[in-house]
Amino acid sequence: MYDKNNIFAKIIRGEIPSKRIVENEYAISFYDVNPMCEKHALVVPRGEYENILDFVTRAPMPEQAGFWDCFAKTASALGVKNEFNIFANAGANAPLFKQSVFHFHLHIIAGKTTPECEKLVKCLLCEE
């Protein structure tokens, strides 16, 4: 069940500050407070969706189009054109990355990595 008091719902309502990048009627984007790279933003629909499957199965087409428009404009605002990552986590027991905020969001990540990100990548590649 969707938690209306999750951190992203509070950011959308303006109860928690964020450094916003793009917003429209259907979505907002803002900088991640714990960036993995020099360019790390989140794109979040305004609607109440727990994960990506919930979003693509329940969100009306205008809402989905508005989300992807926000995504494209965010990538442009960040100067992201090539060589980037996008990811979404789903579920508290997902096999690789656990979802910690149960409001669908995409991460856009590009540029130079942080030391924390380099450690994570080495761990994922079984280099440690």
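Laboratory data are not the source of any read-out in this text; all were calculated from the coordinates shown. Because the structure is a prediction, the values reported are computed rather than measured. Virtual Cβ from ideal backbone geometry, glycine too; neighbours counted across all protein chains shown.
General remarks:
- Each Lys and Arg contributes +1 and each Asp and Glu -1, all at the Cβ; summed about the Cα centre of the chain, the dipole is approximately 200 debye.
- Choice from LEU53, LEU42, LEU106 with maximal GNM fluctuation in the chain (Cα, 10 Å cutoff): LEU53
- log₁₀ of I(q)/I(0) at q = 0.20 Å⁻¹ - the chain, Debye sum with one point per alpha carbon: -1.24
- Annotation for the stretch 68-96 versus the stretch 7-36: alpha-carbon center distance of 14 Å.
- Residue order, fewest to most beta carbons within 10 Å, for SER76, SER100, SER29, SER18: SER100, SER76, SER18, SER29
- Nearest 10 degrees, 0 to 90: helix 61-78 Cα axis against the chain principal axis: 40 degrees
- Fluctuation leader among ALA110, ALA65, ALA94 - the chain, Gaussian network, Cα springs under 10 angstrom: ALA94
- Gained length - GLU116 relative to MET61, 0.36 nm times residue gap less alpha-carbon distance: 16.1 nm
- Helix 115-124 and the longest principal axis of the C-alpha atoms of the chain enclose an angle of approximately 80°.
- In the stretch 7-124, a dipole from Cβ-located charges (positive for Lys and Arg, negative for Asp and Glu) runs towards its positive end, and of ALA27, ILE108, THR57 it is ILE108 whose Cα lies farthest in that direction.
- Phi-based couplings in Hz for the stretch 47-54 (Karplus 6.51, -1.76, 1.60; Gly and Pro marked x): x, 8, 10, 6, 8, 5, 5, 4
- FRET efficiency, 1/(1 + (r/R0)^6) with R0 30 Å, evaluated for ILE7 and PHE84 via beta carbons: 0.80
- Zone residues, the stretch 68-89, relative to TYR31, backbone N less than 13 Å from point 7 Å out along Cα-to-Cβ: 78
- Where only DSSP H runs of four or more residues are counted, the chain gives -10000 deg cm²/dmol as its mean residue ellipticity at 222 nm, each run worth -39500 (n - 2.57).
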